[in-house]
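What follows is calculated from the coordinates using simple rules that are stated; it is not laboratory data. Model, not experiment: these values are computed from the prediction. Here the Cβ positions follow ideal geometry from the backbone for every residue, glycine too, while neighbour counts run over all protein chains shown.
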DNA sequence: ATGGTCGAATATCGA
């Protein structure tokens, strides 16, 4: 089973890139973030034509998550436990072939000095609460998405430039570690210890050409899935195409369930 | 050097 995640920065602006990527890489599941579209206007038909059912939780202009899958999407859950009708659309979960797949778009936080940063940490605490309920004993769960946190020093282009800053702040690291303490492993790090493997580069200032990026798009696997993980790749080529997203897809390949 | 580039919406905000 191949599970991928991609912050596409508008599913409508990126539709051709996304469909092309699905045709080329043939994942069973693709989690999307920053779809930036209400559910009624989601390009569902185009996914269906490629053989993917899709579940989405979107809103106008900002945020929005979705899960596309070749196999049926079951037991959908939209939003965190204590979300309300007006909450930002950042969490969607579905069970696919016995695997609980979660697509998350963690708040950016703007700047560590701003209230938005506190909101980010509060959202992560609520995510942990919700996942605590999703994660029953021995559950097969893949938490996929844009975490807006670079886990460690290997995941930033410059420790000096990022230390104490957004995406690399000790409080963000504490929040991510608290999540992982539920028993979630970073799929990419199960297979590749190297630094300078990034999933996002700013559109500005030629950041991609300078390889000034961050690894903030993650797939976190429960123990049951970590044992099945065969490889985890990030498709840097996606950033070299016309009109790319500022993020690239991350994909994990799982062996058969025992 | 406090910029720069996108997307959504059409002046600016969010990233």
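Based on the Cβ-Cβ distance from residue A:240 to residue A:62, what FRET efficiency comes out when R0 is 35 Å, to the nearest 0.05?
On the way: r = 27 Å, r/R0 = 0.77.
Once the sixth-power term is evaluated, E becomes 0.85.
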Alpha-carbon centroids, segment A:72-108 and segment A:238-258: separation in whole Å:
20
So what is the relative contact order for segment A:24-96, in percent, with contacts set as C-alpha pairs under 8 Å and at least six apart?
31
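What does the extension gain come out to for residue A:210 and residue A:171, with contour length at 0.36 nm per residue minus their alpha carbon separation? Walk me through the numbers on the way to the answer.
Details: separation 39, 0.36 × 39 = 14.04 nm, distance 2.80 nm.
Fully extending the segment from residue A:210 to residue A:171 adds 11.2 nm.
In percent, how large is the relative contact order of segment A:190-258, given Cα pairs closer than 8 Å and 6 or more residues apart?
Details: 92 pairs, mean separation 22.6, N = 69.
Relative CO of segment A:190-258 lands at 33 percent.
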Which of A:226, A:207, A:55 ends up with the largest GNM mean-square fluctuation for chain A, with Cα atoms connected below 10 Å?
A:207
For segment A:156-223 and segment A:21-38, what is the centre-to-centre distance using only Cα atoms, to the nearest Å?
21
Sorted from fewest to most neighbouring beta carbons within 10 Å, what does the list A:95, A:35, A:61, A:84 look like?
A:84, A:61, A:95, A:35
Just grab the label-to-label distance for residue A:136 and residue A:84, each label 7 Å out from Cα along the Cβ direction, in nm (one decimal).
3.1
Cα-only Debye scattering, chain A: base-10 log of I(q)/I(0) at q = 0.13 Å⁻¹:
-0.77
What does the C-alpha gyration tensor say about the overall shape of segment A:161-239? Classify as rounded when a/c is under 1.5, otherwise prolate if a/b is larger than b/c, or oblate.
oblate
Full-extension gain between residue A:118 and residue A:223, please, as 0.36 nm times their residue separation minus the C-alpha to C-alpha distance.
34.8 nm
Virtual paramagnetic centre 7 Å along Cα→Cβ of residue A:74, amide N under 14 Å, in segment A:103-142:
A:140
Counting pairs of alpha carbon atoms under 8 Å apart in space and at least six apart in sequence, what relative contact order in percent does chain A give?
19
